[in-house]
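**Q** Structure in structure tokens, see below.
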Amino acid sequence: MTKKTVLIDVATAGASGDMFLSALTDLIGEDDALLPVAASLLIYDPSFRLNIVSHSHAGVTGRKIEISQNTGIRLSPTSIREVLDSVSEEVELSEDGKKIAEKALNELLEAESRAHNKPVEELHLHETGTVDTILDIVGSAYLLDRIGLLGEAEFLSTPVAVGSGTIETEHGPLEVPVPAVAEMLTANDVPYHEGDAKTEVLTPTGAAILIAITDKFVDSHEDFVAQNQGFGFGVRDLGKIPNMMSIVIGETVLPEDEVTKPVKEEPKKKEKKPTKEKPPKEKQAKTEEPPKVLDGWNEDDVIVIETNVDDVDGETLGTLFDTLLDEGLAYDVTIIPAIGKKNRPCYVVKVIAAKAGLKSIADVMIRNLGTIGIRYTTWQRLKAVRETIVCSLDIDGTEYMVRVKVSRSIDGSILSIKPEADDVFRVSKETGIPVRELRPRIAMQAHAVTE
């Protein structure tokens, strides 16, 4: 029986949090797929900015994430857990998504605790205490939710490359793999090898996410049939070595004897040369063009999925709205009254979504509506350039931070300014000022900041 499977290829250049985000964003095909998660972090770091760029190496095209942030902001273990919970709620992670995010963070903190021989609550987090750690963990869970993979697919991973040599950290020079990564590899029996890179290629956050989502580590995946894939590049330049990981969606049936039982290795034993895993078969570069900017507009591709129904009640149609939008499967859902066959009143249900979500949305529509089929087409669309900023609003001596979405035309002029509804409701509740009075005040402040 064929099983939906996700293969994570980390055999060449390991994994990092930003590489997971880049690969998943590439899989979805939407440069702004992470915008809700990034926007939710502006409350904690107003300077936080995220940019997705196209990147190529040796004919393979994928995506790379560029982040700017206030590196002076460091979260304690307690604070980072609170922020993770808050952001997970705000972006409406599914229960499976929340479990993945919590597991990844717990793996990270517990490994740091063992490495420093301190209780988690007493840890002073350095690189792992920055805001982008939340982006990496919650963002990965959010994108997996968005694609519809959690709870639906089995996640396989190749043995992971860790790198070699030493790296400079806030703790000083450390041997690769660094203590926290070594602790995670050992505690979870993760099969690994050094690889060709003479630096760190498996970061603590990357290791934590990999462990949190992987069901099995496999040496061989010849029976795996790829259907869609995303490539994510890291920020380090490894020369001729592609600093890249891939996430591939497909179908496979793995016999028991093809699943590798992880062999526990001591990360510190350098005298024993690691067994070099066979490099994965070179994947065919995607022919699909990445989203680009066309004369100042953002351009991308979406799918439009439709079906006609004439025997569905209003409650069922309303439930479909909630299912597709609340779970992040669709960008928009429209229901249009029409006249169908035999002159019967009917509804045209139209859904706009990322191309990667086709099968998940078709399954939801068929199961919820009872329709026997759907039709779909691929559309190109142009979008105004958008960004999210944070405005400071002073009310009776108290400062309130409100996120604002700003859209611009091709000449850079402002098209619209829209305060984040949840933030406006929160300020209204705390101050007693009606929402209709707050919105123009916030918009004026945002206009002054962005002009």
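**Q** Could you grab me the full set of residues in the stretch 1-37 that are closer than 16 Å to residue 217 by Cα, touching a helix residue (DSSP H, G or I) at 6+ places or on another chain (Cβ under 7 Å) and assigned to a loop (DSSP other than H, G, I, E, B)?
**A** 10, 14
**Q** Please specify each residue of the stretch 399-415 satisfying the condition of being without any contact (Cβ under 8 Å) to a residue 24 or more places away in the chain and more than 26 Å from the chain's Cα centre (by Cα).
**A** Selection gives 399, 412, 413.
**Q** Determine if the stretch 68-88 includes at least one residue that is touching a Lys or Arg at 6+ places or on another chain (Cβ under 8 Å) and assigned to a strand (DSSP E or B).
**A** Scanning the stretch 68-88 turns up at least one residue that is touching a Lys or Arg at 6+ places or on another chain (Cβ under 8 Å) and assigned to a strand (DSSP E or B).
**Q** Test residue 261 against the criterion of being assigned to a loop (DSSP other than H, G, I, E, B), modelled with pLDDT of 80 or more and either surrounded by fewer than 16 Cβ atoms within 10 Å (Cβ to Cβ) or at positive phi (or both), and give yes or no. Show your work before the answer.
**A** On the way: assigned to a loop (DSSP other than H, G, I, E, B): yes; modelled with pLDDT of 80 or more: no; either surrounded by fewer than 16 Cβ atoms within 10 Å (Cβ to Cβ) or at positive phi (or both): yes.
No; evaluated as a whole, the condition is false for this residue.
**Q** Give me the pairs: first residue in the stretch 154-174 and not assigned by TED's automatic domain parsing to the domain that holds residue 189, second residue modelled with pLDDT of 85 or more, beta-carbon distance under 6 Å, and six or more apart or on different chains, which are they?
**A** Matching pairs, first to second residue: none at all.
**Q** State whether the residues of the stretch 100-107 include one that is more than 27 Å from residue 30 (Cβ to Cβ), out of contact with any strand residue (DSSP E or B) (no Cβ under 9 Å at 6 or more places or on another chain) and among the charged types (D, E, K, R). Write out each step before concluding.
**A** Step one: filter the stretch 100-107 for residues more than 27 Å from residue 30 (Cβ to Cβ), giving 106-107.
From the residues that got through so far, the ones that are out of contact with any strand residue (DSSP E or B) (no Cβ under 9 Å at 6 or more places or on another chain) too are 106-107.
Of the ones still in play, those that are also among the charged types (D, E, K, R) are 107.
Scanning the stretch 100-107 turns up at least one residue that is more than 27 Å from residue 30 (Cβ to Cβ), out of contact with any strand residue (DSSP E or B) (no Cβ under 9 Å at 6 or more places or on another chain) and among the charged types (D, E, K, R).
**Q** Kindly indicate whether any position in the stretch 110-126 is in a strand (DSSP E or B) and more than 20 Å from residue 13 (Cβ to Cβ). Steps first, please.
**A** We begin by selecting, within the stretch 110-126, every residue in a strand (DSSP E or B); these are none.
No; the residues of the stretch 110-126 include none that is in a strand (DSSP E or B) and more than 20 Å from residue 13 (Cβ to Cβ).
**Q** Of the residues that sit in the stretch 59-113 and are of a type in the set (Lys, Arg) and at pLDDT 90 or above, which one is surrounded by the most Cβ atoms within 10 Å (Cβ to Cβ)?
**A** Here is the first cut: in the stretch 59-113, the residues of a type in the set (Lys, Arg) are 63-64, 74, 81, 98-99, 103.
Applying the additional criterion that residues be at pLDDT 90 or above yields 63-64, 81, 98-99, 103.
Details: 63: 25, 64: 23, 81: 16, 98: 19, 99: 15, 103: 17.
The selected residue is 63.
The values are calculated or read from the model by the stated rules, or taken from the named source; none is laboratory data. Keep in mind that this is a model prediction, so the values were computed, not measured. Don't worry about glycine lacking a Cβ; one is built from the backbone with ideal geometry, like all the others, and counts go over all protein chains shown.
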